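Notes follow the structure.
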Amino acid sequence: MKSLSTKIVPMTRCHIPACNEIVASSEPWKTLRESVDFLPSIKRKQAFVAVIEGAVAGFVIFTPEPVFARGGYLRAIGVASAIRGFGVGRMLMAFAERTTAKKAPNFFLCVSSFNRLAQAFYRTCGYEKIGKIDGLIRKGASEHIYWKKLR
């Protein structure tokens, strides 16, 4: 990906179809049979996309202001299946962390217990599992709470 020009820009309505495709091919949404309503996050200016050569490569939705324990919150992140493993997710996470660090010293996220690849990804990004909530979204599953100190 280093040879390709990747930009992170605010998400607009025209990005939604590509982001919906990413959601349809990604966990946890596949297992949960859910979609993402991008419009509220676009309106709040909390949704961004990574664009490579004009195409949406991934998205991130987060709240940089402190919403819990003096920390921002990652709502959703997704990368197009064809380019996973090339650093787009790390780039989106780094962007969210840099933006959040200006307003909050911590960053939190929840990840489903069945979404093991995402858990591994967050750990490699420096996140620590600090708790879990059983049955929050799906019976028989739990949401793991992860935290990273930003500053």
- Residue in the range 32-43 that is of a type outside the set (Gly, Ala, Ser), within 18 Å of Glu143 (Cβ to Cβ) and touching a strand residue (DSSP E or B) at 6+ places or on another chain (Cβ under 8 Å) present: yes
- Look at the range 7-17 and say how many of its residues are in a helix (DSSP H, G or I) and either under 15 Å from the mean Cα position of the chain (by Cα) or free of Cβ contacts under 8 Å to residues at least 40 places away in the same chain (or both). 4
- Task: Examine the range 4-11 for a residue that is under 30 Å from Lys139 (Cα atoms), surrounded by 14 or more Cβ atoms within 10 Å (Cβ to Cβ) and not aromatic (Phe, Trp, Tyr), and state whether such a residue exists.
- Result: no
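To keep it simple, each residue is scored yes or no on (1) modelled with pLDDT under 95; (2) of a type in the set (A, V, I, L, M, F, W, C).
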{"site": "Arg13", "(1), (2)": "no, no"}
{"site": "Ile22", "(1), (2)": "no, yes"}
{"site": "Pro28", "(1), (2)": "yes, no"}
{"site": "Leu32", "(1), (2)": "yes, yes"}
{"site": "Leu39", "(1), (2)": "no, yes"}
{"site": "Ala50", "(1), (2)": "no, yes"}
{"site": "Phe59", "(1), (2)": "no, yes"}
{"site": "Thr63", "(1), (2)": "no, no"}
{"site": "Gly71", "(1), (2)": "no, no"}
- Query: Under the condition of being of a type in the set (A, V, I, L, M) and buried (at least 19 other Cβ atoms within 10 Å of the Cβ), which residue from the range 92-124 is nearest to Pro17 (Cα to Cα)?
  - Reply: Leu92
- Criterion violated by Val23 - all others in (1) under 15 Å from the mean Cα position of the chain (by Cα); (2) touching a residue at least 60 places away in the same chain (Cβ under 8 Å) satisfied: (2)
- With respect to Tyr122, is the statement that it is at pLDDT 95 or above, assigned to a helix (DSSP H, G or I), among the aromatic types (Phe, Trp, Tyr) and under 21 Å from Ala69 (Cβ atoms) true? yes
- Is at least one residue of the range 112-120 among the polar types (S, T, N, Q) and over 18 Å from Glu27 (Cα atoms)? no
- Task: Could you check how many residues of the range 12-33 are of a type outside the set (Lys, Arg) and exposed (fewer than 12 other Cβ atoms within 10 Å of the Cβ)?
- Result: 3
- Only listed residue being over 12 Å from the mean Cα position of the chain (by Cα), in contact (Cβ under 8 Å) with a residue 40 or more places away in the chain, closer than 14 Å to Val9 by Cα and surrounded by 15 or more Cβ atoms within 10 Å (Cβ to Cβ), chosen from Val51, Val88: Val51
- Is it true that some residue in the range 77-86 is closer than 25 Å to Cys19 by Cβ, aliphatic (A, V, I, L, M) and out of contact with any Gly (no Cβ under 9 Å at 6 or more places or on another chain)? yes
- Task: May I ask you to list the residues in the range 138-151 that are assigned to a loop (DSSP other than H, G, I, E, B), surrounded by 14 or more Cβ atoms within 10 Å (Cβ to Cβ) and not basic (Lys, Arg)?
- Result: Ala141, Leu150
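The values are calculated or read from the model by the stated rules, or taken from the named source; none is laboratory data. Worth saying up front: this structure is predicted, and the values here are computed from it rather than measured. Counting neighbours? That spans all protein chains shown, and the Cβs are built from the backbone with ideal geometry, glycine included.
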